[in-house]
Ligand SMILES: *Cc1c(COP(=O)(O)O)cnc(C)c1O
């Protein structure tokens, strides 16, 4: 045998003996439920093995019990995240976790619970964590009748590694370290974590729910090196998929094999596996970049605000902020319709709020409330959403305006057009759409029109005393006339022709389609005509004219019945 193979073999033997010693005997001997589909790997088989319905409902077959495709997608995504921080020259494949290194669960919460159940004997064993930290470790320990030991973080939220290790005894099976830590936001020092992994006789779990917001690769590249290391990742934070409850544990194949045996046989539904795979493959990196930039902006602005004592440094998508009177700020925000997390009763976090970084307009609203503006209530908005196979549309409108608008449909030109509606009507709009843009923008444009129209309909019916009619003729080198009647009947006349097929990516036929859909979903009469040489300007003139007409019709000020200049008052 070659020397290196010998060392490898002896390490493997050590690992088996170690695992044998710390795993619960009943788990070691467990004969797991074997799913009918486990044993066959046939394509095009006739499945008479699992008592399913043979008739296709789209969901009549059990899902893949091992979430194999999901694990492959997770491996690629994690590898991409890790790669950013490793030296060029190292083959990135080296950092690609294999499916046998990955457990996929219903949120990382499932992994936390399973690890406790695999390693800890109820009524006897204990786990160790830091304080303050994520609450689920304690909850899972209590449910499983496992005692819980914690070491308080220092005032700078670092930890004393020697004191942590001193808390352990022969019944200490797991140390949970959350990095970046919730609710303090900081990364734990890497050398301290490694120091603990190398000395602790049990399993060290590093929970990396927020690692995508940190400038660090995290601990996944070390799972081959340390057989007692488990790293947790989740779809709930940076991947934007909290609703589907999918998370991962990464570790040595031996620990993962035990997790696979103890989990429910079909723990992740097919729907959720599919949604998670799609989100991993299509995730938009600019979202995480925006959140990081907003976090840093928010931290700097809060640092200058009166009433703020300290903004703790954050490597996550939230800020822990110490106020002179946290309760007062909490209530003030709540009154404005902004919910934050009061962490004041957590040890070491007195007078703090944990504030998640939101969209730019939400963060600006937060700042304006904290800085004393009597901001309008968020609850005064009209909120509607619509989910179809092709699109997911979320619309909030603030009829009285006075807020920033934020429009994100994935179609740049369409965003620009919708912004014209907001600017010229005085209605603030928060539109967040994602759709099947790979095909074309048709569904996205249509569904935004449906939802926005429905929101307008509600706004109109809630309104008392308004002009009802709007007529506008703005002039530029293009001009558009829009006649609008909010009387509750949908009727649509379109007298516009475009010279080309498209403006940029935007098909010109979608101008008509947007307004005819809007007319029928808002129940308004719209007569639109336009002239001009440039399709872009003509389209934009229509959006502006519509917005102006809407402003006139919604107002009860008859003086608005005049022709406004798109360049403002002259
Ligand atoms: C949010 C969070 C998670 C995510 O748990 P899921 O069950 O995957 O949603 C895990 N760990 C920490 C520290 C968290 O804050």
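What follows is calculated from the coordinates using simple rules that are stated; it is not laboratory data. Treat the numbers as computed from the prediction; the structure is a model and nothing was measured. Glycine gets a Cβ as well: all are built from the backbone with ideal geometry, and neighbour counts include every protein chain shown.
Run a plain Debye calculation on segment 382-553 (Cα atoms as equal point scatterers, no solvent) and give log10 I(q)/I(0) at q = 0.12, 0.13, 0.17 Å⁻¹, rounded to two decimals, same order as the q list.
So the normalised log intensities work out to -0.48, -0.57, -1.03.
Rounded to the nearest 10 degrees, what's the angle between the helix 442-462 long axis and the longest principal axis of the chain, both from Cα atoms, 0 to 90?
70
Using only the alpha-carbon atoms, what does segment 401-451 span along each of its principal axes? Please give whole angstrom values in decreasing order.
36, 19, 14
Expected output is a single nm value to one decimal: the length gained when fully extending between residue 199 and residue 18, i.e. 0.36 nm times separation in residues minus the C-alpha distance. What is it? Could you put the intermediate results ahead of the total?
Details: separation 181, 0.36 × 181 = 65.16 nm, distance 1.32 nm.
Here the answer is 63.8 nm.
Taking only Cα atoms of segment 273-360, what ratio of Rg to Rh do you get with Rh as the Kirkwood inverse-distance radius?
Values: Rg = 15.4 Å, Rh = 14.3 Å.
Using only Cα positions, Rg/Rh for segment 273-360 is 1.07.
Restricting the count to DSSP beta bridges whose residues both fall in the chain, what percent are antiparallel, rounded to a multiple of 5?
Numbers: 46 of 73 bridges.
Among the beta bridges of the chain, antiparallel pairing accounts for roughly 65 percent.
Taking Cα atoms, how many degrees apart are the long axis of helix 190-199 and the longest axis of the chain, rounded to 10 and kept between 0 and 90?
Long axis of 190-199 versus the principal axis of the chain: about 30 degrees.
If contacts are Cα pairs under 8 angstrom and at least 6 residues apart, what is the relative contact order of segment 285-370 in percent? Let's see the in-between values first.
Details: 124 pairs, mean separation 25.1, N = 86.
Answer for segment 285-370 is 29 percent.
Restricting to DSSP H runs of at least four residues, report the calculated mean residue ellipticity at 222 nm for the chain, -39500 (n - 2.57) per run over all residues, nearest 500 deg cm²/dmol. The partial results should precede the final answer.
Working: 16 runs with 209 residues, N = 570.
After summing the helix terms and dividing by the residues of the chain, the value is -11500 deg cm²/dmol.
Do you know the relative contact order of the chain, to the nearest whole percent, from alpha carbon pairs under 8 angstrom that are 6+ apart?
Values: 1035 pairs, mean separation 55.9, N = 570.
Once divided by the residue count of the chain, the mean separation gives 10 percent.
Could you put 17, 397 in order, starting from the residue whose Cβ has the fewest other Cβ atoms within 10 Å? Please list the in-between numbers first.
On the way: 17 9, 397 25.
Exposure proxy ranking, most exposed first: 17, 397.
How big is the Cα convex hull of the chain in projection, averaged over all directions, in nm²? Let's see the in-between values first.
Values: hull surface 134.6 nm².
Mean orientational projected area (the chain, Cα hull): 33.6 nm².
For a quick check: sort 485, 156 by the number of other beta carbons within 10 angstrom, fewest at the front.
Numbers: 485 17, 156 10.
Fewest-to-most Cβ neighbours within 10 Å comes out as 156, 485.
By count of other Cβ within 10 Å, fewest leading, how are 120, 44 ordered? Display every interim value, and only then the final one.
Details: 120 26, 44 4.
Ranking 120, 44 by Cβ neighbours within 10 Å, fewest first, gives 44, 120.
Can you give me the distance in nm between label points at residue 331 and residue 166, each placed 7 Å from the Cα along the Cα-to-Cβ direction?
Each label point lies 7 Å from its Cα, and together they span 4.3 nm.
How much of the DSSP bridge set in segment 146-266 is antiparallel, in percent, rounded to the nearest 5?
Here the antiparallel bridges make up roughly 30 percent for segment 146-266.
With the cut-off at 19 Å, report for segment 168-280 the share of all Cα pairs above it, as a whole percent. Spell out each step's value before the answer.
Numbers: 3242 of 6328 pairs.
Pairs farther apart than 19 Å: 51 percent.
Quote the convex hull volume per residue of segment 130-230, based on C-alpha atoms, as a whole number of Å³.
Working: hull volume 9.9 nm³, N = 101.
With only Cα atoms used, segment 130-230 gives 98 Å³ per residue.
As I understand it, the value is the acute angle between the Cα axis of helix 360-370 and the longest principal axis of the Cα atoms of the chain; what does it come to in degrees, rounded to 10?
Rounded to the nearest ten degrees, it is 90.
Note the direction-averaged projected area, equal to a quarter of the hull surface, for the Cα convex hull of segment 95-183, in nm².
Numbers: hull surface 27.9 nm².
If I average the Cα hull's projected area over directions, I get 7.0 nm².
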